[in-house]
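Participant: For reference, the structure I am asking about is given below.
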Amino acid sequence: MTDSWLVRNLRAIRGRAYPRIIGSKREPSWLFFDIVLPLLTVSAYAYVYKFMTARPEFVGYVVLGGAMTAFWLNILWAMASQLYWEKEIGNLQLYLMAPISRMSILAGMAVGGLFFTTIRAGSTLAIGVLVFGITLNLADPLMLVVVFIATMISLYGMGMMFASLYLLFGREAYHMSNLMTEPVYLASGFYFPVKYLGPWAAAGASFIPITLGLDAIRQLFYPAATQDAFLPVTTELAILSVLCVVFMILAKYSLAFMENLGKSTGRLTLRWQ
Amino acid sequence: MRSDLKTFKNAAWLGWQMEANWTDPFLFATYSIVKPIAGTLILVFMFMVVVGSGTDEAFFSYMYVGNALYMYVAEVLFGVTWVIHDDREHYMTLKQIYIAPISFYAYILGRAAIKIAITSVGVLITLAFGILVLDVGINVGEIDWLLLVGSLVLGLGCLCIIGLGLGGITFLTARHGQGINEGIAGIFYVLSGVIFPISILPSWAQSISKVLPVTYWMEAVRRGLEPGVMAELSSDSGIDVTGMAGFSDLFLMLVLLLSAAVSLVLSILIFRYADVTARRKGKIDWTTSY
């Protein structure tokens, strides 16, 4: 008796998430680098704010933004680039031959990536808070959890969509990820409140889910600093919920498009192109 | 010598092809401009959010120029070591380069040279953007060319040499090379007075800052490039804002020269040790899918 479609796909999700979760334990030095490296940038920016005698919450904004960089980097290097790397090392055809939905593979990558990235981001945040003596004032923890979950679902949905698009870029994938690092740090306000980019620029950057997610998280930790908020938290949560659905649908269609294109042009197994 | 120059030239050409042939020239140019400008604009917005306007302030110029120069630190350190990782793990050509009758040092330096050239374009664009759009305090008529060129050459040489030592370590590591490079570049970013004066750091951190060659390099290049800004910061309320005002230009250059010499000896020792160990342990053509 064969397994049902649902069971097979749940197994695929578990199977693809497993190496990411277990892999994080097998290379402890990566854990060290992943926590410490963002802290170095955070420290530099925090000292810039201190030198300019900025309001104390700005150092908190930097620490929160620095912790969230872990998720964006995970999207770029472990979601968007992943199918390209899988093609380079010869795994992609195995995924496509397996009797499962391609979305399950991407979902497994997202679950595994989210697990270890949350640990890293949490550690960066905790150390940053301790080192810089930051006081966080969380009045609504339930809302924080809901906003965080909505941000992650929409963000990883975006990563799943990028994974297909990156296959089309070939060798450009590496450069695309590099190109989308600093500009997104700027546009999404990782190190300063996105509101100060101006309403139109901030609205445009809101297509990147982490923009609204980070702004909402900052508001929840600093409820008194209303002058730095872009939109009310509830509005940001509503937009994030829409983005969750939109990116999941786009991910499914872009994956099907990429697979068909790859098959028709015979490039699915082509390496170093 | 002639053979080494030929290797250097061909390695530089190869590096250029690998860096630039992945896309059409327009997209490559966009990529080369957008990335450094975006990185710099983060600091611009941080400054403007706190201070309001006034990008003609001395501290803004100090921060802006430091951030532009740091591109060399990040790209050169990372670029030199990435050559070994990329050739070995991705293109799997390191063993062919090894058995070719060429100097490996000339090959690495050729690949690094093209990194420096590409980074220089980014640095120049960033500085030009700062001067033209943001009123950064660089006055071409005031530039101390001797100090600027001398410190730039010494500093870049020093970075290449440090990169060579880190490249040696990359021979022996499969998964840590990138973390080590980014970590060292990150330490320089925090402790070398790149985007803020070291005087704001705790005293124990300032002591570390003063043994890092990049601290002296940043100070020397800034004094050459924006002497007015540095004079303004040094004389601000009679306080040593930069934490480096007590050092003369000559002292800075001597420290850079000494740093380059010490780094050269250490890097060659590390590289040779790593090279021999990698050959002995069969790691020259090691692929680990990382």
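The values are calculated or read from the model by the stated rules, or taken from the named source; none is laboratory data. Everything quoted here is computed from the prediction, not taken from an experiment. Cβ: placed from backbone, ideal geometry, glycine included. Neighbour counts: every protein chain shown.
Participant: Can you list the helices (runs of 4 or more DSSP H) found entirely within segment B:194-290 that contain at least 3 residues being closer than 26 Å to A:Thr41 by Cα and without any contact (Cβ under 8 Å) to a residue 24 or more places away in the chain? Reasoning before the result, please.
Facilitator: Working: elements: B:203-209, B:213-225, B:227-234, B:249-280.
Of the helices (runs of 4 or more DSSP H) lying wholly inside segment B:194-290, those with at least 3 residues that are closer than 26 Å to A:Thr41 by Cα and without any contact (Cβ under 8 Å) to a residue 24 or more places away in the chain span B:203-209.
Participant: Output the helices (runs of 4 or more DSSP H) that fall wholly within segment B:47-156 and possess 2 or more residues being within 14 Å of chain A (Cβ to nearest Cβ), or say none.
Facilitator: On the way: elements: B:58-85, B:94-99, B:104-133.
Correct list: B:58-85, B:104-133.
Participant: Do you know which of the residues in segment A:192-212 that are out of contact with any helix residue (DSSP H, G or I) (no Cβ under 8 Å at 6 or more places or on another chain) and small (Gly, Ala, Ser) is nearest to the other protein chains (Cβ to nearest Cβ)?
Facilitator: So, considering only residues that are out of contact with any helix residue (DSSP H, G or I) (no Cβ under 8 Å at 6 or more places or on another chain) and small (Gly, Ala, Ser), the one nearest to the other protein chains (Cβ to nearest Cβ) is A:Gly198.
Participant: OK, next. What's the number of the condition A:Gly189 fails, among (1) under 30 Å from A:Pro56 (Cβ atoms); (2) out of contact with any helix residue (DSSP H, G or I) (no Cβ under 6 Å at 6 or more places or on another chain); (3) surrounded by fewer than 20 Cβ atoms within 10 Å (Cβ to Cβ)?
Facilitator: (3)
Participant: Only one of A:Leu31, A:Leu39 is within 12 Å of another protein chain (Cβ to nearest Cβ), surrounded by fewer than 19 Cβ atoms within 10 Å (Cβ to Cβ) and in contact (Cβ under 8 Å) with a residue 12 or more places away in the chain. Can you tell me which?
Facilitator: Details: A:Leu39 fails: surrounded by fewer than 19 Cβ atoms within 10 Å (Cβ to Cβ).
Criteria check complete, one pass: A:Leu31.
Participant: Residues being of a type outside the set (Val, Ile, Thr) and either within 15 Å of A:Leu197 (Cβ to Cβ) or free of Cβ contacts under 8 Å to residues at least 12 places away in the same chain (or both): count how many of those fall in segment A:207-231.
Facilitator: Looking only at segment A:207-231, we keep the residues that are of a type outside the set (Val, Ile, Thr), and these are A:207, A:209, A:212-216, A:218-225, A:227-231.
Checking the rest, the ones that are also either within 15 Å of A:Leu197 (Cβ to Cβ) or free of Cβ contacts under 8 Å to residues at least 12 places away in the same chain (or both) come to A:207, A:212, A:214-215, A:218, A:227-231.
Residues in segment A:207-231 being of a type outside the set (Val, Ile, Thr) and either within 15 Å of A:Leu197 (Cβ to Cβ) or free of Cβ contacts under 8 Å to residues at least 12 places away in the same chain (or both): 10 in total.
Participant: Then there's this: Can you tell me which residue among B:Gly110, B:Gly66, B:Gly54, B:Gly39 is buried (at least 17 other Cβ atoms within 10 Å of the Cβ), of a type outside the set (Val, Ile, Thr) and either under 30 Å from B:Lys281 (Cβ atoms) or at pLDDT below 85 (or both)? Working first, answer last.
Facilitator: Details: B:Gly66 fails: either under 30 Å from B:Lys281 (Cβ atoms) or at pLDDT below 85 (or both); B:Gly54 fails: buried (at least 17 other Cβ atoms within 10 Å of the Cβ); B:Gly39 fails: either under 30 Å from B:Lys281 (Cβ atoms) or at pLDDT below 85 (or both).
That would be B:Gly110, the only listed residue that is buried (at least 17 other Cβ atoms within 10 Å of the Cβ), of a type outside the set (Val, Ile, Thr) and either under 30 Å from B:Lys281 (Cβ atoms) or at pLDDT below 85 (or both).
Participant: Please go through segment A:136-190 and give me each residue that is more than 9 Å from chain B (Cβ to nearest Cβ) and of a type in the set (Gly, Ala, Ser), ordered by number.
Facilitator: A:Ala139, A:Ala150, A:Ser154, A:Gly157, A:Gly159, A:Ala163, A:Ser164, A:Ala173, A:Ser177, A:Ser188
Participant: What is the one condition in (1) buried (at least 17 other Cβ atoms within 10 Å of the Cβ); (2) at pLDDT below 80 that B:Pro25 does not satisfy?
Facilitator: (1)
Participant: Give me the pairs: first residue in segment B:17-35 and farther than 21 Å from B:Asp87 by Cβ, second residue outside any helix (DSSP H, G or I) and modelled with pLDDT of 75 or more, beta-carbon distance under 9 Å, and six or more apart or on different chains, which are they?
Facilitator: B:Lys35/A:Thr181
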